[in-house]
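Below is one structure; the comments refer to it alone.
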Amino acid sequence: MRVLLASPRGFCAGVDRAIEIVEQALARHGAPVYVRHEIVHNRHVVESLRERGAVFVDEPDEAPPGALLVFSAHGVSPAVREAAAKRGLRTLDATCPLVTKVHKEAQRFAREDLEIVLVGHAGHVEVEGTLGHAPRAMHLVESVEDVARLEVRDPARLAVLTQTTLSVDDTREVIDALVRRFPEIRLPKKDDICYATQNRQNAVRDLSREVDLVLVVGAPSSSNSNRLVELASKIGLPAHLVESAADIDPTWLEGVERVGLTAGASAPEVLVEQVIDRLRSLRPDGFRVDSLPQVDEGVVFQLPFELRQAQ
Ligand code: SF4
């Protein structure tokens, strides 16, 4: 069996930064450090931080007054920040800078009195945070059907924003439908798209030309990991999301000689290595691992000012 690794895969700069913020908070302030929501959508990462003293909570009022609370990479609404301040919590913000950029655009559009159409998945924690930045100006749409049902105040004063972990391809149909219905709508800037989501999808596309099956390491709650599975399926390949090596069903490998392997932006490389070991144990004959040419994404996000200052 041949395993072909996608490149890039796994951790993006926003996830690296969020994990480092919690690690540095633990090192500087000691346990417990409270974290609102899973810091990134990966059980392995969450469990390892929990063992070192991170306490994961859904809302600020679950942390005792005076405690240190970290906001996750997905971002929070201003209402959550206010609740944390009211509770007397110290806070560190691990919101990915690409998500913060969308929050700022939402506020700017609202100040210009534009209505905003947010393309994203209802209930996703990033979407909740973004909606909260301009609650009176936002409409959430998930599909072309939602666009057809949309009722707006003034079709000439509209702007679009997107959930960062949807790629250009994911949103194209919905945005095309918006433009057909509202020709004057202000479209998102090209650099609103998360580089990591797009790069990981491009790598799956490249990989798909050379394999019979695609495995994606990632959590069921990880939006970008699910999109990678969907993309491979759309291309016509069998594809599965695996949270860990134990999830691999040996029947998936029947008649398969070439497996493409990738990981969502919140999945650590150690899980990819464990998947390779399991594939090797299931199909040891002629087992070999190759990789697409290594891609250096060249993106690093700075830590928050408080941590840089302390360094
Ligand atoms: S996937 Fe993109 S938006 Fe999400 S944390 Fe990573 S870099 Fe930021």
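The values are calculated or read from the model by the stated rules, or taken from the named source; none is laboratory data. Predicted model, so just to flag it, every value in this text is computed and none were measured. Using ideal geometry, Cβ is built from the backbone for each residue, glycine included, and neighbour counts are taken over all protein chains shown. Surface areas here come from the heavy atoms of the whole protein model, side chains and all, with no ligands, DNA or RNA. Shrake-Rupley method; radii C 1.70, N 1.55, O 1.52, S 1.80 Å.
What to note about this one:
- When the Gaussian network model of the chain links Cα atoms closer than 10 Å, the mean-square fluctuations of K101, K234, K190 top out at K190.
- Protein accessible area in the chain, 1.4 Å probe - carbon and sulfur %: 50 percent
- Fully extended contour minus Cα-Cα distance, from D247 to D212, at 0.36 nm per residue: 10.7 nm
- Long-range lysine pairs (8 or more apart or interchain), the chain, Cα under 19 Å: 4
- Note that the range 141-147 has calculated 3J(HN,Hα) couplings of 10, 10, 8, 4, 5, 4, 4 Hz, one per residue in order, obtained from phi through the Karplus relation 6.51 cos²θ - 1.76 cosθ + 1.60 (θ = phi - 60°); glycine and proline are x.
- Of the residues P268, H41, A84, the one whose Cα sits farthest toward the positive end of the charge dipole of the chain, with +1 on the Cβ of Lys and Arg and -1 on the Cβ of Asp and Glu, is A84.
- Under a Gaussian network description of the chain, with springs only between Cα atoms under 10 Å, the residue in V70, V57, V46 that fluctuates furthest is V57.
- Highest average first, the peptides 122-132, 207-217 ordered by how many other beta carbon atoms sit within 10 Å of their residues are 207-217, 122-132.
- When the Cα positions of S208, L231, H121 are compared along the charge dipole of the chain, H121 comes out farthest toward the positive end, with charges on each C-beta of Lys, Arg, Asp and Glu.
- Applying the Karplus relation 6.51 cos²θ - 1.76 cosθ + 1.60 with θ = phi - 60° to the range 107-122 yields 3J(HN,Hα) values of 5, 5, 4, 5, 4, 7, 6, 8, 8, 10, 9, 9, 8, x, 9, 4 Hz, where x marks Gly and Pro.
- Inter-probe distance in nm under a simple model that places probes 7 Å from Cα toward Cβ, at V168 and K190: 0.7 nm
- Candidates R157, R180, R52: whichever shows maximal mean-square fluctuation once the chain is modelled as a Gaussian network with Cα springs under 10 Å: R180
- Derived scalar couplings ³J(HN,Hα) [the range 46-51; Karplus, 6.51 cos²θ - 1.76 cosθ + 1.60; whole Hz; x for Gly, Pro]: 4, 5, 5, 6, 4, 4
- Two-site FRET efficiency, R205 against R180, from Cβ-Cβ distance with R₀ of 35 Å, rounded to 0.05: 0.85
- A27/Q294 FRET efficiency (R0 30 Å; Cβ-Cβ; nearest 0.05): 0.45
- A dipole drawn for the chain from +1 and -1 charges on Cβ atoms has a positive end, and of V217, P32, V144 the residue lying farthest that way is P32.
- Inter-centroid distance (Cα atoms) of the range 262-301 relative to the range 77-92, Å: 39 Å
- Bins of 5 Å from zero: percent of alpha-carbon pairs in the range 98-181: 3, 16, 29, 26, 20, 6
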